[in-house]
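Below is one structure, written out as structure tokens; comments come after it.
Every number in this text was worked out from the coordinates using simple rules, so none of it is lab data. Bear in mind the structure is a predicted one, so any value in this text is a computation, not a measurement. Cβ sites come from the backbone with ideal geometry, for glycine too, and all protein chains shown count toward neighbours.
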Amino acid sequence: MTKKDTLRNTGAPQIIGFVCNWGAYSGVEMAGVEQRQYPENVKLVRLPCLGRLHLGHILKSFEMGAGGVVLLGCPPDDCNYDSGSEKAKGVMLQAKQLANLLGINQKRLDLIEVPVGGSDIVAERLTAFVKQVNKLDSPKSKSKIPVAVTSGKRS
């Protein structure tokens, strides 16, 4: 994504999902075949393996305006590249730690393990994640922090 490609604000927070090409993507495909619904504000980015994901991809998603980032990967025992799911867990842990330092709520990040053909998991967990992010963006959940208003004039 470039600066021009910032996520469009359609009212609902945009969710970026990084998806492993193998088990997790088959679950996404099956969700489509079986007409299982998940929120349309989830934008999926297909990767050869979730183990190839870099922390910078997650941070760039937030910089470009994403309300949340979800990783959809294979269960550890089903990883096509043996260690991809473990690497993805490490990146997610780093992302959550860094999010905490940057003031980003860790609930805006999630990792979902999707077995081959797991369309029900894809639909249910993505819907639950979007609801969680929506709650974080609701006016009730935002804290009231007093802000000093200044005129911008120097005395």
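Summing charges over neighbours of Leu93, with a neighbour being any other residue whose Cβ is under 13 Å away from its Cβ, gives +1 when K and R count +1 and D and E count -1. Approximating the spin labels as points 7 Å out from Cα along Cα→Cβ, the Thr127-to-Glu29 distance works out to 2.4 nm.
Annotation: amide H-H contacts under 5 Å for Gln14 (H modelled 1.01 Å from N, sequence separation of 5 or more, or interchain): Gly67.
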